[in-house]
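These notes are about the structure you will find just below.
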Amino acid sequence: MSNTAKGSVTVTLDGSNKSATLPLLQGSIGPDVFDIRKLYSDLGVFTFDPGYGGTAACESEITYIDGDQGVLLYRGYPIEQLAEKSDFIEVSYLLLNGELPTPEQRKKFEHDVTMHTMVHEQLRSFFQGFRRDAHPMAILCGVVGALSAFYHDSLDINDPAQREISAFRLLAKVPTIAAWAYKYSIGQPFMYPRNDLSYAENFLYMMTAVPAEDWKPNPILSRAMDRILVLHADHEQNASTSTVRLAGSTGANPFACIAAGIAALWGPAHGGANEAVLKMLGEIGSVENIPDFIAKVKDKNSGVKLMGFGHRVYKNFDPRAKIMQATCHEVLKELGIKDEPLLDLAVALEKIALEDEYFVSRKLYPNVDFYSGIILKAMGIPTHMFTVLFAVARTIGWVSQWKEMIEDPAQRIGRPRQIYTGPAQRDYPTR
Ligand code: ACO
(Lines give C-alpha, C1' and ligand atoms only; values in the text may rest on other atoms or scores of the structure.)
Protein backbone atom coordinates (compact mmCIF):
# COMPACT_ATOMS: atom_id res chain seq x y z
CA MET A 1 0.00 0.00 0.00
CA SER A 2 1.23 3.48 -0.62
CA ASN A 3 0.19 7.05 -0.68
CA THR A 4 2.10 10.15 -1.60
CA ALA A 5 2.70 13.23 0.50
CA LYS A 6 1.88 16.14 -1.80
CA GLY A 7 2.53 18.86 0.75
CA SER A 8 1.96 19.59 4.39
CA VAL A 9 -0.34 21.36 6.79
CA THR A 10 1.10 23.35 9.68
CA VAL A 11 -0.92 23.50 12.86
CA THR A 12 -0.03 26.09 15.47
CA LEU A 13 -1.33 25.87 19.01
CA ASP A 14 -2.91 29.19 20.03
CA GLY A 15 -1.13 30.90 22.91
CA SER A 16 2.03 28.81 22.60
CA ASN A 17 5.02 28.74 20.31
CA LYS A 18 4.42 25.10 19.46
CA SER A 19 3.54 24.03 15.94
CA ALA A 20 3.49 20.76 14.03
CA THR A 21 3.94 20.13 10.33
CA LEU A 22 1.66 17.36 9.19
CA PRO A 23 2.05 15.59 5.83
CA LEU A 24 -0.79 16.13 3.36
CA LEU A 25 -1.50 12.78 1.71
CA GLN A 26 -3.09 12.18 -1.65
CA GLY A 27 -5.11 9.14 -2.66
CA SER A 28 -5.67 8.10 -6.29
CA ILE A 29 -8.97 10.07 -6.29
CA GLY A 30 -10.93 11.88 -3.59
CA PRO A 31 -10.06 14.60 -1.12
CA ASP A 32 -6.57 14.85 0.37
CA VAL A 33 -6.11 13.94 4.00
CA PHE A 34 -3.59 15.21 6.48
CA ASP A 35 -1.76 12.72 8.57
CA ILE A 36 -2.26 13.45 12.27
CA ARG A 37 -0.29 10.50 13.62
CA LYS A 38 2.43 12.75 15.08
CA LEU A 39 0.04 15.40 16.40
CA TYR A 40 0.06 14.16 19.97
CA SER A 41 3.83 13.65 20.16
CA ASP A 42 4.51 17.07 18.56
CA LEU A 43 1.79 19.21 20.14
CA GLY A 44 0.34 17.13 23.00
CA VAL A 45 -3.22 17.35 21.64
CA PHE A 46 -5.65 14.86 20.11
CA THR A 47 -8.31 15.41 17.46
CA PHE A 48 -12.03 15.20 18.29
CA ASP A 49 -14.35 13.64 15.69
CA PRO A 50 -17.36 11.76 17.12
CA GLY A 51 -18.90 9.63 14.37
CA TYR A 52 -15.58 9.88 12.43
CA GLY A 53 -17.18 12.13 9.78
CA GLY A 54 -13.83 13.82 9.05
CA THR A 55 -11.43 10.98 9.76
CA ALA A 56 -9.87 8.43 7.43
CA ALA A 57 -9.11 5.42 9.63
CA CYS A 58 -7.26 3.39 7.02
CA GLU A 59 -5.88 3.27 3.52
CA SER A 60 -7.98 1.13 1.16
CA GLU A 61 -7.94 0.16 -2.52
CA ILE A 62 -11.34 -1.52 -2.53
CA THR A 63 -14.28 0.89 -2.77
CA TYR A 64 -14.56 4.59 -3.59
CA ILE A 65 -17.55 6.82 -2.91
CA ASP A 66 -18.04 10.42 -4.00
CA GLY A 67 -21.06 11.38 -1.93
CA ASP A 68 -21.55 14.75 -3.65
CA GLN A 69 -21.58 13.30 -7.16
CA GLY A 70 -23.41 10.06 -6.27
CA VAL A 71 -20.49 7.88 -7.41
CA LEU A 72 -19.77 4.36 -6.13
CA LEU A 73 -16.86 2.36 -7.55
CA TYR A 74 -15.75 -1.17 -6.67
CA ARG A 75 -12.03 -1.43 -7.51
CA GLY A 76 -12.60 1.45 -9.97
CA TYR A 77 -15.65 -0.01 -11.75
CA PRO A 78 -18.91 2.04 -11.49
CA ILE A 79 -21.69 0.25 -9.63
CA GLU A 80 -24.12 0.92 -12.51
CA GLN A 81 -21.90 -1.04 -14.94
CA LEU A 82 -21.35 -3.88 -12.50
CA ALA A 83 -25.09 -4.13 -11.74
CA GLU A 84 -25.88 -4.32 -15.44
CA LYS A 85 -23.02 -6.41 -16.83
CA SER A 86 -21.54 -8.44 -14.01
CA ASP A 87 -22.87 -10.77 -11.33
CA PHE A 88 -22.30 -11.39 -7.64
CA ILE A 89 -19.67 -14.13 -8.02
CA GLU A 90 -17.58 -11.99 -10.36
CA VAL A 91 -18.01 -8.94 -8.10
CA SER A 92 -16.94 -11.05 -5.11
CA TYR A 93 -13.77 -12.09 -6.95
CA LEU A 94 -13.14 -8.46 -7.89
CA LEU A 95 -13.57 -7.16 -4.34
CA LEU A 96 -11.40 -9.88 -2.86
CA ASN A 97 -8.62 -9.95 -5.47
CA GLY A 98 -8.58 -6.47 -6.99
CA GLU A 99 -9.17 -7.42 -10.66
CA LEU A 100 -11.95 -9.00 -12.69
CA PRO A 101 -11.33 -12.73 -13.16
CA THR A 102 -10.43 -14.40 -16.45
CA PRO A 103 -13.00 -17.08 -17.44
CA GLU A 104 -10.73 -19.79 -15.91
CA GLN A 105 -10.22 -17.81 -12.70
CA ARG A 106 -13.96 -17.28 -12.42
CA LYS A 107 -14.68 -20.98 -12.93
CA LYS A 108 -12.21 -21.96 -10.24
CA PHE A 109 -13.46 -19.27 -7.84
CA GLU A 110 -17.09 -20.33 -8.27
CA HIS A 111 -16.08 -23.96 -7.80
CA ASP A 112 -14.13 -23.13 -4.62
CA VAL A 113 -17.09 -21.18 -3.20
CA THR A 114 -19.62 -23.90 -3.98
CA MET A 115 -17.36 -26.56 -2.45
CA HIS A 116 -17.78 -24.82 0.91
CA THR A 117 -21.55 -24.21 0.97
CA MET A 118 -22.40 -26.98 3.44
CA VAL A 119 -21.90 -26.36 7.16
CA HIS A 120 -20.60 -28.84 9.71
CA GLU A 121 -23.58 -31.09 10.45
CA GLN A 122 -23.22 -30.49 14.18
CA LEU A 123 -23.98 -26.80 13.61
CA ARG A 124 -27.58 -27.83 12.94
CA SER A 125 -28.09 -28.47 16.62
CA PHE A 126 -27.19 -24.85 17.41
CA PHE A 127 -30.41 -23.73 15.77
CA GLN A 128 -32.54 -25.81 18.17
CA GLY A 129 -31.12 -23.75 21.05
CA PHE A 130 -32.91 -20.63 19.82
CA ARG A 131 -36.55 -19.82 20.45
CA ARG A 132 -38.67 -20.23 17.32
CA ASP A 133 -39.51 -16.53 17.41
CA ALA A 134 -35.85 -15.46 17.61
CA HIS A 135 -34.94 -12.72 15.12
CA PRO A 136 -32.91 -14.38 12.32
CA MET A 137 -30.21 -11.72 12.82
CA ALA A 138 -29.76 -13.02 16.38
CA ILE A 139 -29.35 -16.55 15.00
CA LEU A 140 -27.04 -15.43 12.19
CA CYS A 141 -24.82 -13.47 14.56
CA GLY A 142 -24.57 -16.40 16.99
CA VAL A 143 -24.05 -19.17 14.45
CA VAL A 144 -21.50 -17.25 12.33
CA GLY A 145 -19.53 -16.52 15.53
CA ALA A 146 -19.74 -20.23 16.33
CA LEU A 147 -18.02 -21.14 13.03
CA SER A 148 -14.72 -20.37 14.79
CA ALA A 149 -15.41 -23.35 17.05
CA PHE A 150 -15.72 -25.66 14.02
CA TYR A 151 -13.03 -24.60 11.59
CA HIS A 152 -9.84 -24.60 13.68
CA ASP A 153 -7.80 -25.24 10.56
CA SER A 154 -8.43 -21.73 9.18
CA LEU A 155 -8.04 -19.52 12.25
CA ASP A 156 -4.38 -18.52 11.86
CA ILE A 157 -4.71 -15.01 10.47
CA ASN A 158 -0.98 -14.85 9.70
CA ASP A 159 -1.18 -17.71 7.20
CA PRO A 160 -2.36 -16.48 3.75
CA ALA A 161 -3.67 -19.96 2.83
CA GLN A 162 -5.82 -20.09 5.99
CA ARG A 163 -7.07 -16.56 5.34
CA GLU A 164 -8.15 -17.68 1.88
CA ILE A 165 -10.01 -20.75 3.16
CA SER A 166 -11.79 -18.61 5.76
CA ALA A 167 -12.83 -16.17 3.03
CA PHE A 168 -14.34 -19.02 0.97
CA ARG A 169 -16.00 -20.52 4.01
CA LEU A 170 -17.64 -17.25 4.99
CA LEU A 171 -18.77 -16.38 1.47
CA ALA A 172 -20.19 -19.89 0.99
CA LYS A 173 -21.67 -20.68 4.41
CA VAL A 174 -23.30 -17.39 5.44
CA PRO A 175 -26.18 -17.88 2.91
CA THR A 176 -26.74 -21.42 4.23
CA ILE A 177 -26.88 -20.21 7.83
CA ALA A 178 -29.08 -17.23 6.86
CA ALA A 179 -31.56 -19.46 4.99
CA TRP A 180 -31.65 -21.95 7.85
CA ALA A 181 -32.30 -19.16 10.35
CA TYR A 182 -35.41 -18.38 8.30
CA LYS A 183 -36.50 -21.99 7.89
CA TYR A 184 -36.13 -22.46 11.63
CA SER A 185 -38.35 -19.44 12.34
CA ILE A 186 -41.18 -20.85 10.18
CA GLY A 187 -40.79 -24.45 11.31
CA GLN A 188 -39.83 -25.85 7.89
CA PRO A 189 -37.05 -28.37 7.23
CA PHE A 190 -33.61 -27.04 6.41
CA MET A 191 -32.78 -27.26 2.71
CA TYR A 192 -29.20 -28.29 1.97
CA PRO A 193 -27.34 -26.18 -0.60
CA ARG A 194 -27.47 -27.16 -4.26
CA ASN A 195 -24.20 -26.61 -6.04
CA ASP A 196 -25.74 -26.80 -9.52
CA LEU A 197 -27.46 -23.46 -8.90
CA SER A 198 -25.91 -19.98 -9.05
CA TYR A 199 -25.11 -18.19 -5.78
CA ALA A 200 -28.34 -16.13 -5.86
CA GLU A 201 -30.48 -19.07 -7.05
CA ASN A 202 -29.10 -21.35 -4.37
CA PHE A 203 -29.86 -18.78 -1.69
CA LEU A 204 -33.45 -18.38 -2.95
CA TYR A 205 -33.73 -22.17 -3.15
CA MET A 206 -32.58 -22.71 0.44
CA MET A 207 -35.04 -20.06 1.64
CA THR A 208 -38.12 -20.89 -0.42
CA ALA A 209 -37.97 -24.56 -1.46
CA VAL A 210 -39.52 -27.45 0.48
CA PRO A 211 -38.55 -31.13 0.15
CA ALA A 212 -42.10 -32.11 -0.84
CA GLU A 213 -42.11 -30.09 -4.04
CA ASP A 214 -40.05 -29.38 -7.13
CA TRP A 215 -38.33 -26.02 -7.20
CA LYS A 216 -37.43 -24.13 -10.36
CA PRO A 217 -35.49 -20.88 -10.42
CA ASN A 218 -37.30 -17.82 -11.81
CA PRO A 219 -34.65 -15.95 -13.87
CA ILE A 220 -36.09 -12.48 -13.14
CA LEU A 221 -36.19 -13.11 -9.40
CA SER A 222 -32.73 -14.70 -9.41
CA ARG A 223 -31.39 -11.71 -11.34
CA ALA A 224 -33.07 -9.29 -8.90
CA MET A 225 -31.57 -11.17 -5.94
CA ASP A 226 -28.14 -11.17 -7.61
CA ARG A 227 -28.44 -7.43 -8.20
CA ILE A 228 -29.39 -6.80 -4.56
CA LEU A 229 -26.28 -8.77 -3.56
CA VAL A 230 -24.06 -6.78 -5.97
CA LEU A 231 -25.42 -3.42 -4.79
CA HIS A 232 -24.86 -4.24 -1.12
CA ALA A 233 -21.52 -6.03 -1.49
CA ASP A 234 -19.29 -3.25 -0.17
CA HIS A 235 -19.51 0.38 0.87
CA GLU A 236 -16.08 1.43 2.11
CA GLN A 237 -15.70 2.26 5.81
CA ASN A 238 -19.36 2.15 6.97
CA ALA A 239 -20.24 1.24 10.57
CA SER A 240 -20.26 -2.56 10.17
CA THR A 241 -17.10 -2.65 8.02
CA SER A 242 -15.30 -0.41 10.51
CA THR A 243 -16.48 -2.78 13.24
CA VAL A 244 -15.01 -5.75 11.35
CA ARG A 245 -11.72 -3.87 10.91
CA LEU A 246 -11.63 -2.81 14.57
CA ALA A 247 -12.33 -6.35 15.81
CA GLY A 248 -9.81 -7.71 13.27
CA SER A 249 -7.13 -5.25 14.33
CA THR A 250 -6.87 -7.12 17.64
CA GLY A 251 -5.96 -10.34 15.80
CA ALA A 252 -9.40 -11.91 16.39
CA ASN A 253 -10.27 -14.73 13.98
CA PRO A 254 -12.27 -13.89 10.82
CA PHE A 255 -15.46 -15.70 11.91
CA ALA A 256 -15.56 -13.67 15.14
CA CYS A 257 -14.89 -10.45 13.19
CA ILE A 258 -17.70 -11.09 10.72
CA ALA A 259 -20.07 -11.90 13.61
CA ALA A 260 -19.16 -8.46 15.04
CA GLY A 261 -19.95 -6.90 11.65
CA ILE A 262 -23.34 -8.64 11.60
CA ALA A 263 -24.12 -7.21 15.04
CA ALA A 264 -23.23 -3.69 13.89
CA LEU A 265 -25.29 -4.07 10.72
CA TRP A 266 -28.39 -4.98 12.69
CA GLY A 267 -29.16 -1.43 13.88
CA PRO A 268 -31.99 0.56 12.21
CA ALA A 269 -29.59 3.39 11.32
CA HIS A 270 -27.58 0.92 9.19
CA GLY A 271 -28.67 -2.45 7.76
CA GLY A 272 -31.89 -2.56 9.75
CA ALA A 273 -33.20 0.37 7.70
CA ASN A 274 -34.85 -1.71 4.93
CA GLU A 275 -36.90 -3.54 7.56
CA ALA A 276 -37.68 -0.19 9.21
CA VAL A 277 -38.86 1.28 5.85
CA LEU A 278 -41.52 -1.41 5.50
CA LYS A 279 -42.59 -0.99 9.11
CA MET A 280 -42.85 2.77 8.56
CA LEU A 281 -44.90 2.37 5.33
CA GLY A 282 -47.23 -0.01 7.17
CA GLU A 283 -47.67 2.51 9.98
CA ILE A 284 -48.37 5.39 7.58
CA GLY A 285 -51.03 3.16 5.99
CA SER A 286 -52.23 5.38 3.14
CA VAL A 287 -51.25 8.40 1.04
CA GLU A 288 -53.64 10.74 2.96
CA ASN A 289 -51.63 10.17 6.13
CA ILE A 290 -48.33 11.31 4.59
CA PRO A 291 -48.61 15.04 5.55
CA ASP A 292 -49.15 14.15 9.24
CA PHE A 293 -46.25 11.75 9.12
CA ILE A 294 -43.92 14.30 7.47
CA ALA A 295 -44.91 16.83 10.15
CA LYS A 296 -43.84 14.32 12.80
CA VAL A 297 -40.52 13.71 11.03
CA LYS A 298 -39.82 17.44 11.05
CA ASP A 299 -40.62 17.73 14.74
CA LYS A 300 -37.27 17.16 16.47
CA ASN A 301 -39.02 16.12 19.70
CA SER A 302 -40.92 13.27 18.04
CA GLY A 303 -37.81 11.14 17.44
CA VAL A 304 -39.40 10.00 14.14
CA LYS A 305 -37.16 9.70 11.07
CA LEU A 306 -38.03 9.10 7.48
CA MET A 307 -36.50 5.66 7.15
CA GLY A 308 -34.71 4.97 3.87
CA PHE A 309 -33.78 8.63 3.55
CA GLY A 310 -30.46 10.28 4.27
CA HIS A 311 -26.93 8.99 4.25
CA ARG A 312 -23.73 9.91 6.01
CA VAL A 313 -21.81 10.12 2.75
CA TYR A 314 -24.28 10.61 -0.12
CA LYS A 315 -25.43 14.20 -0.11
CA ASN A 316 -26.75 14.16 -3.66
CA PHE A 317 -28.27 10.77 -4.47
CA ASP A 318 -27.45 7.19 -3.67
CA PRO A 319 -26.57 5.57 -7.03
CA ARG A 320 -27.71 2.21 -5.66
CA ALA A 321 -31.20 3.62 -4.99
CA LYS A 322 -31.65 4.47 -8.71
CA ILE A 323 -30.77 0.92 -9.80
CA MET A 324 -32.95 -0.50 -7.05
CA GLN A 325 -35.90 1.61 -8.15
CA ALA A 326 -35.64 0.21 -11.72
CA THR A 327 -35.25 -3.36 -10.41
CA CYS A 328 -38.30 -2.82 -8.21
CA HIS A 329 -40.48 -2.05 -11.24
CA GLU A 330 -39.04 -5.07 -13.14
CA VAL A 331 -39.83 -7.43 -10.28
CA LEU A 332 -43.37 -6.10 -9.74
CA LYS A 333 -44.04 -6.45 -13.48
CA GLU A 334 -42.69 -10.00 -13.59
CA LEU A 335 -44.80 -10.97 -10.62
CA GLY A 336 -47.85 -9.34 -12.17
CA ILE A 337 -48.25 -6.95 -9.23
CA LYS A 338 -49.99 -3.91 -10.71
CA ASP A 339 -51.25 -2.23 -7.60
CA GLU A 340 -48.85 -2.56 -4.76
CA PRO A 341 -50.18 -0.12 -2.15
CA LEU A 342 -46.81 0.04 -0.41
CA LEU A 343 -45.09 1.00 -3.66
CA ASP A 344 -47.70 3.70 -4.35
CA LEU A 345 -47.14 4.97 -0.84
CA ALA A 346 -43.36 4.89 -1.26
CA VAL A 347 -43.56 6.81 -4.55
CA ALA A 348 -45.86 9.47 -3.04
CA LEU A 349 -43.64 9.79 0.03
CA GLU A 350 -40.52 10.08 -2.11
CA LYS A 351 -42.11 12.81 -4.25
CA ILE A 352 -43.21 14.89 -1.28
CA ALA A 353 -39.91 14.46 0.55
CA LEU A 354 -37.87 15.42 -2.53
CA GLU A 355 -39.77 18.70 -2.80
CA ASP A 356 -39.99 19.57 0.87
CA GLU A 357 -37.63 22.30 2.10
CA TYR A 358 -36.71 20.28 5.24
CA PHE A 359 -35.30 17.40 3.18
CA VAL A 360 -33.95 19.53 0.32
CA SER A 361 -31.96 21.85 2.62
CA ARG A 362 -30.49 18.87 4.51
CA LYS A 363 -29.70 17.02 1.28
CA LEU A 364 -31.72 14.00 2.33
CA TYR A 365 -32.33 11.65 -0.61
CA PRO A 366 -33.70 8.10 -0.80
CA ASN A 367 -30.99 5.56 -0.02
CA VAL A 368 -30.66 1.96 -1.26
CA ASP A 369 -32.96 0.67 1.45
CA PHE A 370 -35.94 2.73 0.41
CA TYR A 371 -36.69 0.41 -2.54
CA SER A 372 -34.96 -2.84 -1.58
CA GLY A 373 -37.59 -3.54 1.07
CA ILE A 374 -40.42 -3.31 -1.46
CA ILE A 375 -38.64 -5.66 -3.90
CA LEU A 376 -37.97 -8.20 -1.19
CA LYS A 377 -41.55 -8.03 0.02
CA ALA A 378 -42.83 -8.60 -3.52
CA MET A 379 -40.51 -11.61 -3.81
CA GLY A 380 -42.23 -13.08 -0.76
CA ILE A 381 -39.30 -12.57 1.59
CA PRO A 382 -40.51 -11.71 5.08
CA THR A 383 -39.52 -8.39 6.59
CA HIS A 384 -37.42 -9.86 9.39
CA MET A 385 -35.13 -11.45 6.76
CA PHE A 386 -34.26 -8.15 5.05
CA THR A 387 -31.26 -7.28 7.21
CA VAL A 388 -30.12 -10.90 7.06
CA LEU A 389 -30.03 -10.62 3.28
CA PHE A 390 -27.98 -7.48 3.55
CA ALA A 391 -25.53 -9.38 5.77
CA VAL A 392 -25.28 -12.17 3.16
CA ALA A 393 -24.38 -9.57 0.51
CA ARG A 394 -21.98 -7.58 2.71
CA THR A 395 -20.02 -10.62 3.88
CA ILE A 396 -17.72 -10.41 0.84
CA GLY A 397 -17.09 -6.70 1.51
CA TRP A 398 -16.28 -7.40 5.16
CA VAL A 399 -13.99 -10.29 4.25
CA SER A 400 -12.17 -8.26 1.56
CA GLN A 401 -11.67 -5.32 3.93
CA TRP A 402 -10.53 -7.61 6.74
CA LYS A 403 -8.00 -9.31 4.42
CA GLU A 404 -6.72 -5.97 3.15
CA MET A 405 -6.25 -4.78 6.73
CA ILE A 406 -4.35 -7.90 7.84
CA GLU A 407 -2.07 -7.60 4.78
CA ASP A 408 -1.38 -3.88 5.38
CA PRO A 409 2.06 -3.47 7.01
CA ALA A 410 0.89 -0.18 8.62
CA GLN A 411 -1.91 -2.02 10.46
CA ARG A 412 -2.06 -1.47 14.25
CA ILE A 413 -4.70 -2.25 16.83
CA GLY A 414 -7.56 0.25 16.50
CA ARG A 415 -7.71 2.31 19.64
CA PRO A 416 -9.38 5.77 19.50
CA ARG A 417 -8.79 8.35 22.22
CA GLN A 418 -11.32 10.58 23.97
CA ILE A 419 -11.88 13.97 25.49
CA TYR A 420 -12.52 13.17 29.14
CA THR A 421 -15.22 15.34 30.75
CA GLY A 422 -15.83 13.37 33.96
CA PRO A 423 -14.64 14.32 37.45
CA ALA A 424 -10.92 14.98 37.93
CA GLN A 425 -9.12 12.73 40.42
CA ARG A 426 -10.74 12.87 43.87
CA ASP A 427 -10.31 11.01 47.13
CA TYR A 428 -12.71 8.34 48.30
CA PRO A 429 -14.71 9.96 51.16
CA THR A 430 -14.19 8.93 54.77
CA ARG A 431 -17.59 7.98 56.17
N1 ACO B 1 -35.38 11.78 8.51
C2 ACO B 1 -35.48 13.01 9.01
N3 ACO B 1 -34.43 13.81 9.28
C4 ACO B 1 -33.21 13.31 9.01
C5 ACO B 1 -33.03 12.01 8.46
C6 ACO B 1 -34.18 11.24 8.20
N7 ACO B 1 -34.09 10.02 7.69
N8 ACO B 1 -31.71 11.79 8.30
C9 ACO B 1 -31.08 12.91 8.72
N10 ACO B 1 -31.98 13.82 9.15
C11 ACO B 1 -31.70 15.17 9.62
C12 ACO B 1 -31.07 15.18 11.01
O13 ACO B 1 -32.06 15.25 12.02
C14 ACO B 1 -30.23 16.43 10.93
O15 ACO B 1 -31.07 17.55 11.07
P16 ACO B 1 -30.54 18.90 11.81
O17 ACO B 1 -29.38 19.38 10.99
O18 ACO B 1 -31.71 19.80 11.81
O19 ACO B 1 -30.12 18.44 13.20
C20 ACO B 1 -29.70 16.44 9.50
O21 ACO B 1 -30.70 15.72 8.75
C22 ACO B 1 -28.34 15.77 9.34
O23 ACO B 1 -28.44 14.43 9.77
P24 ACO B 1 -27.37 13.63 10.59
O25 ACO B 1 -28.07 12.87 11.69
O26 ACO B 1 -26.23 14.50 10.98
O27 ACO B 1 -26.89 12.64 9.51
P28 ACO B 1 -25.95 11.39 9.77
O29 ACO B 1 -24.98 11.38 8.67
O30 ACO B 1 -25.41 11.37 11.15
O31 ACO B 1 -26.98 10.16 9.66
C32 ACO B 1 -28.23 8.39 8.78
C33 ACO B 1 -27.10 9.40 8.53
C34 ACO B 1 -27.95 7.58 10.08
C35 ACO B 1 -28.28 7.38 7.62
C36 ACO B 1 -29.57 9.16 8.91
O37 ACO B 1 -29.81 9.90 7.73
C38 ACO B 1 -30.75 8.23 9.20
O39 ACO B 1 -30.96 7.87 10.36
N40 ACO B 1 -31.54 7.83 8.14
C41 ACO B 1 -32.64 6.94 8.32
C42 ACO B 1 -32.13 5.50 8.49
C43 ACO B 1 -31.65 4.92 7.19
O44 ACO B 1 -32.32 4.97 6.16
N45 ACO B 1 -30.46 4.30 7.26
C46 ACO B 1 -29.86 3.60 6.11
C47 ACO B 1 -28.53 4.18 5.76
S48 ACO B 1 -27.93 3.44 4.31
C49 ACO B 1 -27.35 1.94 4.77
O50 ACO B 1 -26.91 1.68 5.86
C51 ACO B 1 -27.35 0.93 3.72
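Couple of notes before you dig in:
- Scanning the range 331-368 for residues that are within 16 Å of the ligand (Cβ to nearest atom) and on the phi > 0 side of the Ramachandran plot yields a total of 1.
- Apart from one condition, Tyr371 fits all of (1) within 13 Å of the ligand (Cβ to nearest atom); (2) under 20 Å from Glu330 (Cα atoms); (3) free of Cβ contacts under 8 Å to residues at least 12 places away in the same chain; the exception is (3).
- Some residue of the range 245-253 being within 16 Å of the ligand (Cβ to nearest atom), closer than 16 Å to Ala167 by Cβ and in contact (Cβ under 8 Å) with a residue 12 or more places away in the chain: no
- Scan of the range 1-48 for residues that are of a type in the set (D, E, K, R) and within 28 Å of Gly76 (Cβ to Cβ), ordered by number: Lys6, Asp32, Asp35, Arg37
- Considered as a group, the residues in the range 81-116 that are among the acidic types (Asp, Glu) and in a helix (DSSP H, G or I) include one that is nearest to Leu197 (Cα to Cα), and that residue is Glu110.
- Filtered by the rule that a residue be in a helix (DSSP H, G or I), more than 15 Å from Arg227 (Cβ to Cβ) and of a type outside the set (Val, Ile, Thr), the range 282-332 gives Gly282, Glu283, Glu288, Asn289, Pro291, Asp292, Phe293, Ala295, Lys296, Lys298.
- Within the range 386-412, considering residues that are aliphatic (A, V, I, L, M) and away from the ligand (no atom under 16 Å from the Cβ), the one farthest from Asp156 (Cα to Cα): Ala410
- Answer residue from the range 341-355, given it is surrounded by fewer than 16 Cβ atoms within 10 Å (Cβ to Cβ) and not hydrophobic (A, V, I, L, M, F, W, C) and is farthest from Gly285 (Cα to Cα) among those: Glu355
- Contact annotation: residue pairs with Cβ atoms under 7 Å, 6 or more positions apart or on different chains, pairing a residue in the range 161-180 that is within 14 Å of Ala200 (Cα to Cα) with a partner that is outside any helix (DSSP H, G or I) and of a type outside the set (A, V, I, L, M), are Ala172/His116; Ala172/Thr117; Lys173/His116; Lys173/Thr117; Thr176/Thr117; Thr176/Pro193.
- Taken together, Asp234, Asp299 contain a single residue that is within 12 Å of the ligand (Cβ to nearest atom), farther than 26 Å from Leu342 by Cα and modelled with pLDDT of 90 or more, which is Asp234.
- Residues in the range 254-295 that are more than 13 Å from the ligand (Cβ to nearest atom), more than 19 Å from Ile413 (Cβ to Cβ) and open to solvent by 20 Å² or more (accessible area, probe 1.4 Å): 10 in all.
- Identity of the residue in the range 1-29, surrounded by 13 or more Cβ atoms within 10 Å (Cβ to Cβ) and under 28 Å from Glu407 (Cβ atoms), that ends up modelled with the lowest pLDDT: Asn3
- Residue list for the range 156-202, restricted to those being within 19 Å of Leu96 (Cβ to Cβ) and of a type in the set (A, V, I, L, M, F, W, C): Ile157, Ala161, Ile165, Ala167, Phe168, Leu170, Leu171, Ala172, Val174, Ala200
- Residue selected from the range 305-323 under the condition closer than 25 Å to Ser222 by Cα and away from the ligand (no atom under 11 Å from the Cβ), by the criterion modelled with the lowest pLDDT: Lys322
- Of the residues in the range 378-392, not one is part of a helix (DSSP H, G or I), at pLDDT below 90 and touching a strand residue (DSSP E or B) at 6+ places or on another chain (Cβ under 7 Å).
- Residue satisfying condition, being open to solvent by less than 20 Å² (accessible area, probe 1.4 Å), within 28 Å of Glu236 (Cβ to Cβ) and either out of contact with any His (no Cβ under 8 Å at 6 or more places or on another chain) or among the aliphatic types (A, V, I, L, M) (or both), within set Val360, Val392: Val392
For every residue, the table says whether it meets (1) hydrophobic (A, V, I, L, M, F, W, C); (2) under 19 Å from the mean Cα position of the chain (by Cα).
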site: Ala212; (1), (2): yes, no
site: Met225; (1), (2): yes, yes
site: Ala276; (1), (2): yes, yes
site: Asp292; (1), (2): no, no
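- Taking the range 294-330 as the range and being more than 21 Å from the chain's Cα centre (by Cα) and closer than 26 Å to Gly54 by Cα as the test, the residues that pass are Lys300, Gly303.
- For the range 206-216, the criterion of a residue being in a helix (DSSP H, G or I), in contact (Cβ under 8 Å) with a residue 60 or more places away in the chain, within 16 Å of the ligand (Cβ to nearest atom) and not polar (S, T, N, Q) is satisfied by no position.
The values are calculated or read from the model by the stated rules, or taken from the named source; none is laboratory data. Remember, it's a predicted structure, so these values are computed and weren't measured experimentally. Reconstructed Cβ throughout: ideal geometry from the backbone, glycine too, with neighbour counts over all protein chains shown. Just the protein is used for accessible areas: all its heavy atoms, side chains included, with ligands, DNA and RNA removed. Shrake-Rupley method; radii C 1.70, N 1.55, O 1.52, S 1.80 Å.
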